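Peer 1: My questions will all concern the structure given below.
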Amino acid sequence: MATIIDGKTLAAKVRERAAVEVAQLAGRGIACGLAVVLVGDDQASATYVRSKLRDCEQCGIRSYDYKLSAETTQEELMALVERLNADSEVAGILVQMPLPAHLDTEAVVAAIDPDKDVDGFHPMNMGRLVRDLPGLRPCTPAGIMEMLDEYGIDPAGKNAVIVGRSSIVGKPMSLMLLARHATISVAHSRTDPHELARICQSADILVAACGVPKMVKGTWIKPGATVIDVGMDRDDAGKLCGDVDFASAEPVAGAITPVPGGVGPMTRAMLMSNVVLAAKLQNGL
Ligand code: NDP
C-alpha cells in the first residue's frame, strides 16, 4: 500500500504559512496585493480566478480583480500591465491563461515585471530557473517540490522521469528536480510509445503531466517509486481523473498523489506563497 501524498492538507499548511508572512510584512509596511486579470468569458478560467481570489482572502492578501471584455485590445492589456507594474500596492500580477486568440500571450507575459510574475512564466524567471538563481517558480512544479520535501523524498541521486514537456509543468519540473540532483528523463508525444513503459519503469520519481487520462499503468511503475500525478482529466464517464491509473498504480507505488486532492490544491497554494515571495523580492528581503 502506497503512502498517499495529501496535497490538500499540505496546501492548508502552505496557506497558513503565507498568511503569517503576509501579516509580518504588513507590520513592516509592505503590501502583498495580487492583481488578477481575466480577459473574456471562458467559464473554466472564471472558476479558477474565483478560487484564487478566495485563497487571497484566506491569506490576508488584498486582491485586485480585473475582468476585461473579450474584445480587449493588445494595447489596452499592455497598458494595464504597465500600470500594475508601477503600483507599489500590487506585489503580484497574474494574467489568467489562456488569453483570447487575438492577443499575443508571449508579449503580455514578457511585459510583466519579472519580480511580480507570480506564475513564474516570464522568460527572466525561466532563465533564473535554468541558471539555478533565486526567483519566482511556476506554481505546479514548485508545489510538487514542496510535497516531496514534506514527505522526506529526496530527489538527489534518484532517477526521475517526467512525462510531458510543457513550459508550465514538464520543463520547469525537470529543471527543479535536476537542481536537486536527480537524474532526469523527459518523455513527450514523440517518445517511442513502445519505449514509454520501460522509461517509466526506470523512475524512482515519476511525474505524469501529459493530459492523457489514466495513461500511466501500474505495470509501468517501479515497485516503491514515488508517483506524482499532475493530470486533471476526465475519464470516459466524465469523472475527474489523473494521467495515472490510480487503481493499478497505488498497490505498486511507494507514495502517490491522488486526483483530486494532490497536485491541484498545492498549485493553488503555491500562488499564495509566490505572492509573499514577490513582495519580499521587491523589497530586497
Ligand atoms: P500540455 O498539453 O501543455 O502538455 C502535455 C505534454 O504531454 C506535452 O509535452 C506532450 O508532448 C505530452 N504528451 C501528450 N501526449 C502524450 C503521450 N501520449 N505520451 C507522452 N507524452 C505525451 O499540458 P500541461 O503540461 O499544461 O498539463 C498536463 C496535464 O496536467 C493536463 O491534464 C492538465 O490539465 C494538468 N494540469 C494540472 C495542474 C494542476 O494544478 N493539477 C496544473 C497544470 C496542468 P508534446 O510536447 O510532444 O506535445
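The values are calculated or read from the model by the stated rules, or taken from the named source; none is laboratory data. Bear in mind that the values here come from a model prediction, so they are computed numbers and not experimental data. A quick note on method: Cβ atoms are made from the backbone with ideal geometry, for glycine too, and the neighbour counts reach across all protein chains shown. The protein model used for the area step is the full one, side chains on, heavy atoms only, and it has no ligands, DNA or RNA in it. Shrake-Rupley method; radii C 1.70, N 1.55, O 1.52, S 1.80 Å.
Peer 1: So which residues in the range 145-177 are surrounded by fewer than 16 Cβ atoms within 10 Å (Cβ to Cβ) and more than 19 Å from Gly262 (Cα to Cα)?
Peer 2: Ala156, Gly157, Ser167
Peer 1: Could you list, in sequence order, all residues of the range 253-285 that are of a type in the set (A, V, I, L, M), part of a helix (DSSP H, G or I) and surrounded by fewer than 20 Cβ atoms within 10 Å (Cβ to Cβ)?
Peer 2: Leu281 - this is the single residue of the range 253-285 that is of a type in the set (A, V, I, L, M), part of a helix (DSSP H, G or I) and surrounded by fewer than 20 Cβ atoms within 10 Å (Cβ to Cβ).
Peer 1: If Ala91 passes every condition in (1) open to solvent by 40 Å² or more (accessible area, probe 1.4 Å); (2) on the phi < 0 side of the Ramachandran plot but one, which one does it miss?
Peer 2: All conditions are met except number (1).
Peer 1: Continuing with the same structure: I'd like the residue in the range 157-182 that is more than 15 Å from Gly143 (Cα to Cα) and in contact with a Lys or Arg (Cβ under 7 Å, 6 or more places away or on another chain) and, out of all such residues, is farthest from the ligand (Cβ to nearest atom).
Peer 2: Selected residue: Ala182.
Peer 1: Let me ask something else. Among the residues of the range 90-125, how many are assigned to a helix (DSSP H, G or I), more than 19 Å from Val22 (Cβ to Cβ) and in contact with a Gly (Cβ under 8 Å, 6 or more places away or on another chain)?
Peer 2: Matching residues across the range 90-125 total 3.
Residues checked against (1) within 16 Å of the ligand (Cβ to nearest atom); (2) assigned by TED's automatic domain parsing to the domain that holds Ala208; (3) among the polar types (S, T, N, Q):
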| position | (1), (2), (3) |
| --- | --- |
| Asp87 | no, no, no |
| Gln96 | yes, no, yes |
| Leu99 | yes, no, no |
| Leu103 | no, no, no |
| Met126 | yes, no, no |
| Arg131 | no, no, no |
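Peer 1: Restricting to the range 201-252, name every residue that is within 8 Å of the ligand (Cβ to nearest atom), open to solvent by 10 Å² or more (accessible area, probe 1.4 Å) and of a type in the set (Asp, Glu).
Peer 2: Within the range 201-252, Asp233 is the sole residue that qualifies.
Peer 1: Residues in the range 193-205: is at least one over 17 Å from the mean Cα position of the chain (by Cα) and among the basic types (Lys, Arg)?
Peer 2: yes
Peer 1: Within the range 75-83, is there a residue that is within 15 Å of the ligand (Cβ to nearest atom) and either farther than 30 Å from Pro193 by Cβ or buried (at least 19 other Cβ atoms within 10 Å of the Cβ) (or both)?
Peer 2: no
Peer 1: Exactly one condition in (1) more than 23 Å from Glu21 (Cα to Cα); (2) among the hydrophobic types (A, V, I, L, M, F, W, C); (3) in contact with a Leu (Cβ under 9 Å, 6 or more places away or on another chain) is not met by Ala79; state its number.
Peer 2: (3)
Peer 1: Here is a further query. Here are some conditions: (1) under 20 Å from the mean Cα position of the chain (by Cα); (2) under 23 Å from Met97 (Cα atoms). Thr73 meets all but one. Which one does it not meet?
Peer 2: All conditions are met except number (1).
Peer 1: Kindly evaluate Asn125 against the criterion of being surrounded by fewer than 22 Cβ atoms within 10 Å (Cβ to Cβ), modelled with pLDDT of 95 or more and either within 30 Å of Ile199 (Cβ to Cβ) or in contact with a helix residue (DSSP H, G or I) (Cβ under 7 Å, 6 or more places away or on another chain) (or both).
Peer 2: Spelling it out, it is not the case that Asn125 is surrounded by fewer than 22 Cβ atoms within 10 Å (Cβ to Cβ), modelled with pLDDT of 95 or more and either within 30 Å of Ile199 (Cβ to Cβ) or in contact with a helix residue (DSSP H, G or I) (Cβ under 7 Å, 6 or more places away or on another chain) (or both).
Peer 1: Of all residues in the range 31-71, which are closer than 14 Å to Val90 by Cβ, open to solvent by 20 Å² or more (accessible area, probe 1.4 Å) and part of a loop (DSSP other than H, G, I, E, B)?
Peer 2: Ala31, Arg62
Peer 1: Could you tell me whether the range 258-277 includes any residue that is more than 23 Å from Thr47 (Cα to Cα), touching a Gly at 6+ places or on another chain (Cβ under 7 Å) and either of a type outside the set (D, E, K, R) or within 14 Å of the ligand (Cβ to nearest atom) (or both)?
Peer 2: No: zero hits.
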